[in-house]
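Only one structure is covered here, and it is reproduced in the block below.
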């Protein structure tokens, strides 16, 4: 979620822009806690966002119209580590439209919640109250959710239908750094290429954790370093090129398969401390929560050049 530092960037390849046509499609109310933390996409191009400190899930239509879909329960005396507030974090969408979100409270309501259309939010798994559930990814083939815990340095495995959570992956590579670092370890999470990929905000790393045939976690592989302030990320296609949100650096970076990186969007393009990334086709969606700038939380969209996948001769339409 939060980390400090500047983006370490390699020079851009060639003279073609990697990401073009950035525009803000929706502005949000920071005073009302509308700080967009994570994103899931609907088939029609709408974006489901978690508004962290409002404890809400909102849907933003392609024309920018925003409506609140659900509000998670008020929690008296929240004791969430690091932030001391109750907040909604990661979000994942099933093919039937069911949404799953992480809820960090410092109480027994900490865990994974299910939002079924037409029903009230329902907690389906408890996670440790002294943890910080953050990123969330759904593997419908295996029927499991992967939830990152930024404070405990853990990737939790949660049955999609609900039930006890299991610590699926732990270790130094997933853990936060000691103070005075911000204290956010493993953060964003995506399922890709028979593996669970995660970021570590404090360590500025992008990591790959293979999923073994029995569903257990293989050894953690470091795929990129120097990504100070990395939060969430997404893949640009079937390869391993990534677009990563660098929250505190207020930048979107491309991370190439060899681990090199460069900034492709910045504050000049309208970014407001980006917290997450979703790519569909040639479009990238980037919510910004304005955690550091303290102004203009928004949702930005832009076009992704095919060059990101190494097809240097390709051009955007």
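What follows is calculated from the coordinates using simple rules that are stated; it is not laboratory data. Here the structure is a predicted model, which means the values were calculated and not measured. Methodologically, a virtual Cβ is constructed for each residue, glycine included, from the backbone with ideal geometry; neighbour enumeration extends over all protein chains shown.
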Given the peptides 119-127, 251-259, arrange them by the average over their residues of other C-beta atoms within 10 Å, most packed first.
-> 251-259, 119-127
Any chance you could check the Cα centroid distance between the stretch 225-298 and the stretch 130-179 for me, in angstrom?
-> 22 Å
Within a Gaussian network of the chain (alpha carbon springs, distance under 10 Å), most fluctuating of 202, 194, 232 | 194
Could you give the C-alpha radius of gyration of the stretch 207-290 expressed as a fraction of 2.2 N^0.38 Å, taking N as the number of residues it contains?
-> 1.15
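Which of the three applies to the stretch 161-317, rounded, prolate or oblate, going by the alpha-carbon gyration tensor with a ≥ b ≥ c and a/c under 1.5 meaning rounded?
It comes out oblate by the Cα gyration axes.
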For the chain, just the Cα set please: Rg and Dmax, both in angstrom.
-> 17.8, 57
Treat the count of other C-beta atoms within 10 Å as a stand-in for reagent exposure and order 103, 292 from fewest to most.
-> 292, 103
Mind running the shape call on the stretch 31-135? Use the C-alpha gyration tensor, a ≥ b ≥ c as the square roots of the eigenvalues: rounded below 1.5 for a/c, prolate if a/b tops b/c, oblate otherwise.
-> prolate
Sort the following peptides by mean Cβ neighbour count (other Cβ atoms within 10 Å, averaged over residues), highest first: 282-288, 48-54.
-> 48-54, 282-288
Three-way shape label, the stretch 132-210, alpha-carbon gyration tensor, a/c 1.5 = prolate
The stretch 32-246, relative contact order [Cα under 8 Å, separation at least 6], % | 10 percent
